[in-house]
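Only one structure is covered here, and it is reproduced in the block below.
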């Protein structure tokens, strides 16, 4: 590619958000290089990408990362389920693939910056340091999924949609008369499980299938039978088939005994959690008060964070929270700023 003084690579999925990010950057005077990541056999057809390139007036290249995606994301996804944990493949993919392998590729190609269609913002604090912040559109804010990005990468990133709402993005897209396609529909599921059939994917695509076993309470008393551990996740209420005077929820999955532990709602609540592999986007703090977000769409809860090491943190909620799931990502915020995040190892009762 050309020299990188004004060259930004844009990760183009073929959908509205990433295409709008490319269009905005072009209008701002950036030289835009579109890169489409081939992560599976699914994805937009070549003719749609070609039409998008013409509409945007940019070059779009394709980068085949299917083997990397299988190893870094799909194998991780299956391994976490095998351990009875709740994986978050989007957080994993962003750190390892989109802002990992892709950034290495475009930097080698001469790009000084990488942009995506995430609804998040980069801005400087009063002290001058660059930080990652929630998107203006709180219904679409995706900063949670970026909690594991390396801090040193922030000066090389651009998030053109961070100051916009989804409605504004769609309106601008229509004004530009960019091509519509199947991939332009709103995505609400995992890209590799588009119908949300997790158990079917685990069983048919990756060769994972667990035998039926027991549904038990915290005392080990048998409440019923489960269909296989892959059908359950922490916090689940529906589909348990347990006759009881009050609703029960999954609180723990035990691969070693092939059991699913159920509790009534009050016992689902946790006082806090222990997080590992914590990644900080600010200077590593000592004890601090922050908002802890324990899954996407979780509104966040005030919490006391006590670092146990550079990569381990104890989190105590001000108000007990339900469905704290080991394996899930936890992100920490101060007001709108994303401080960092880690993986939930265990809940504190």
Checklist entry - In region 199-240, how many are part of a helix (DSSP H, G or I), modelled with pLDDT under 80 and either buried (at least 17 other Cβ atoms within 10 Å of the Cβ) or in contact with a strand residue (DSSP E or B) (Cβ under 9 Å, 6 or more places away or on another chain) (or both)? => result 1
Next on the checklist: So if I check each of 325, 329, which one is surrounded by 15 or more Cβ atoms within 10 Å (Cβ to Cβ), modelled with pLDDT of 95 or more and either within 26 Å of residue 154 (Cβ to Cβ) or in the same structural domain as residue 151 (by TED's automatic domain parsing) (or both)?
Outcome noted: 329
Item to check | Any hit, region 215-232, residues being under 28 Å from the mean Cα position of the chain (by Cα) and free of Cβ contacts under 8 Å to residues at least 12 places away in the same chain | outcome: no
Checklist entry - Given the conditions (1) more than 20 Å from residue 118 (Cα to Cα); (2) modelled with pLDDT of 95 or more; (3) in the same structural domain as residue 56 (by TED's automatic domain parsing), and given that residue 162 satisfies all but one, which numbered condition is not satisfied? => result (1)
Next on the checklist: Can you pull out every residue in region 128-155 that is without any contact (Cβ under 8 Å) to a residue 24 or more places away in the chain and exposed (fewer than 15 other Cβ atoms within 10 Å of the Cβ)?
Outcome noted: 128, 138, 152
Next on the checklist: Please go through region 241-266 and give me each residue that is under 19 Å from residue 201 (Cβ atoms) and assigned to a loop (DSSP other than H, G, I, E, B), ordered by number.
Outcome noted: 255
Checklist entry - Within the bounds of region 95-106, is there any residue that is farther than 30 Å from residue 275 by Cα and modelled with pLDDT of 95 or more? => result yes
Item to check | Test for residue 52: is it buried (at least 19 other Cβ atoms within 10 Å of the Cβ) and part of a helix (DSSP H, G or I) | outcome: yes
Checklist outcome for this item: Residues of region 248-306 being touching a helix residue (DSSP H, G or I) at 6+ places or on another chain (Cβ under 8 Å), surrounded by fewer than 16 Cβ atoms within 10 Å (Cβ to Cβ) and assigned by TED's automatic domain parsing to the domain that holds residue 237, in sequence order, are 255
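The values are calculated or read from the model by the stated rules, or taken from the named source; none is laboratory data. Because the structure is predicted, anything quoted here is derived from the model rather than measured. Here Cβ is always computed from backbone atoms with ideal geometry, including for glycine, and neighbour counts include all displayed protein chains.
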